[in-house]
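The values are calculated or read from the model by the stated rules, or taken from the named source; none is laboratory data. Please read all numbers here as calculations on a predicted model, not as lab measurements. Ideal geometry is used to build each Cβ from the backbone, glycine not excepted, and the neighbour counts take in all protein chains shown. Protein only, heavy atoms only, side chains kept; ligands, DNA and RNA dropped before computing areas. Shrake-Rupley method; radii C 1.70, N 1.55, O 1.52, S 1.80 Å.
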Amino acid sequence: MRTAYSVETVRAAERALMARLPEGALMQRAAAGLAATCAQVLGRVYGSRVVLLVGSGDNGGDALYAGARLARRGAGVTALPLTPDRAHQGGLAALRRAGGTVADPAVAAEEAIRRADLVMDGIVGIGGKGGLRTDAARLAALASRSRAAVVAVDLPSGVEADSGEVRGAAVRADLTVTFGTHKPALLVDPAREYAGTVRLVNIGLELPPEAELEALQHADVAALLPLPGAESDKYRRGVVGIAAGSARYPGAAVLAVAGALRGGAGAVRYVGPAASAVIARFPETLVSDKGPAKAGRVQAWVVGPGAGDEARSVAEVLKAEVPVLIDADGLRLADRGTVRGRSAPTLLTPHAGEAAALLGVSREEVEGARLTAVRELAARYDATVLLKGSTTLVADPQGGPVRVNATGTPWLATAGSGDVLSGLSGSLLAAGLSPRDAGSTAAYLHGLAGRYAADGAPAGAHDVADALPEAWRDVRD
């Protein structure tokens, strides 16, 4: 499992480690890892041209010492300090001793960056807030227009480490070399988009057990997947109820059932007006026309996909004493007080637009501050929230690490894809997973299935559902 820690936690760990090390040793560890990674990017260090964008903090010091190491290996290294009198003086001296040069950015930046093979971004560290100032933004723009590989030191300058927000101009890196641990911004959009590939350098930090963010990997998902035993039957494996679809959106019901059938539960019960369409596609589905309250035994409910204005089914499902997943129209129809008053767990699965409506803010505000939005929704509804998007986030109402998933692909932005995810998540709930585990595991599998279904070309939601078994096998292998 990948983890990310807040700025405060990272700084406390750095202080504790520096107290046990000789002065400057921690910066040298970071610079050594940074220089080694840059050397790999360059391929041939001798004769290459490297430009350092240097700010006033330790981030700039890391860049200068790494630049000195590259200069000793024959690279032509030029430092462009934005504030020379406040730049790391030891790093500047080390660079000059190694044969590097220091130039005025106002005079030399355009030509130096134009000719560079690699540009190292050491402008702002993890404590930066807001976008880059005008002089720094100019350097970032020059770097982005150049042919050089752009390598960010610890974090792209201009993004906010704890929130993943980007509130102005920022460096767009091809590679980010981060030290000790991932920072939240490296895992969460919109900042993640600015980081490029992320390389973690171990510098010996001792970090607490509970992180700010968690990102599941194959092994974590494999350990959570429900597998039948020798004595399993369909009821022991779990039965998931699907209350979805309408005369206008019968396909939502079919797609939610498709996801549920591939989610590990033993059976799927469908309640709603699209029964004939569901049975035609999936004859193994158990259907009922008596409403959710009289549908029969279930271990979890999914309600809302394609429901239109069918508020009665949503209200009935919310009275059930089993885990409930609310999606799509159900999010609009569900009474917040009723959701908060439930004794059984609840999982909400909005996309950014739906989350914005629930929070009473603009979609742009949710997309620009995804961590804030998912935590606020979880607190308001006293429910686990899965916020769909380029990086899917899962937050519990009681706090704790937010789960992050990045297995998806832009091809998943297609009608009905969310319905498949809802059915899959609901099936995992019925199989006994907690809302947090069900949501994050489903998002992981759904993202992999989207990749397999698309394979570089457009794919429909039904293709994603059909690819779920391949995603399961991949995770289990």
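Considering only GluC sites (Glu not before Pro) in DSSP loops that have at most 11 other Cβ atoms within 10 Å, the longest stretch of the chain without any of them is 24-205. For the range 396-410, putting each phi into the Karplus relation 6.51 cos²θ - 1.76 cosθ + 1.60 with θ = phi - 60° gives couplings of 8, x, 7, x, x, x, 7, 7, 10, 10, 10, 7, x, 9, x Hz, in residue order, rounded to whole numbers and with x for Gly and Pro.
Dividing the helix sum by the residues of the chain, where each DSSP H run of 4 or more adds -39500 (n - 2.57), gives a mean residue ellipticity at 222 nm of -13000 deg cm²/dmol. Shown is the FRET efficiency for residue 343 and residue 16, computed with R0 = 45 Å from the Cβ-Cβ distance and rounded to the nearest 0.05: 0.60.
Residue-wise HN-Hα couplings along the range 204-212, as the Karplus relation 6.51 cos²θ - 1.76 cosθ + 1.60 with θ = phi - 60° gives them from phi, are x, 5, 9, 10, x, x, 8, 8, 7 Hz; Gly and Pro carry x. Take residue 117: with every protein chain present and a 1.4 Å probe, its accessible area is about 50 Å². Relative to one another, the C-alpha centroids of the range 133-171 and the range 387-426 are positioned 28 Å apart.
Over the chain, what is the relative contact order in whole percent, taking alpha-carbon pairs under 8 Å and six or more residues apart?
Relative contact order, the chain: 12 percent.
For the range 234-309, the solvent-accessible area works out to 41 Å² per residue, with a probe of 1.4 Å and every protein chain left in place. Amide H contacts under 5 Å for residue 287: 270, restricted to partners 5 or more places along the chain or on a different chain, H placed in the peptide plane at 1.01 Å from N. For residue 325, the residues whose modelled amide H falls within less than 5 Å of its own, excluding neighbours fewer than 5 places apart on the same chain, are 301, 302, 303, 347.
The slack in the chain from residue 372 to residue 457, taken as 0.36 nm per residue of separation less the alpha-carbon distance, amounts to 27.3 nm. Measuring against 21 Å, Cα to Cα, the residue pairs 290/319; 234/294; 290/388; 234/319 contain 290/388; 234/319 as the ones spanning a longer distance.
Pull out a ≥ b ≥ c, the square roots of the eigenvalues of the alpha-carbon gyration tensor of the range 134-186, then state rounded if a/c is under 1.5, prolate if not and a/b is larger than b/c, and oblate in the remaining case. Can you show the working numbers first?
Details: a/c = 2.65, a/b = 1.36, b/c = 1.95.
It comes out oblate by the Cα gyration axes.
The antiparallel fraction among DSSP beta bridges confined to the chain stands at about 15%. For the pair the range 266-308 and the range 356-379, the centres of their Cα atoms are 31 angstrom apart. Which of the lysines could a cross-linker span from residue 183 if the Cα-Cα distance has to be under 20 Å and same-chain partners fewer than 8 positions apart are dropped? Cross-link targets: 129. Rolling a 1.4 Å probe over the protein heavy atoms leaves residue 279 with an accessible area of roughly 60 Å². The computed Rg and Dmax of the Cα atoms in Å for the structure shown corresponds, within (i) 24.2, 76; (ii) 21.1, 66; (iii) 25.6, 82, to (iii). Taking 7 Å steps out from each Cα toward its Cβ at residue 382 and residue 206 produces label points 4.0 nm apart.
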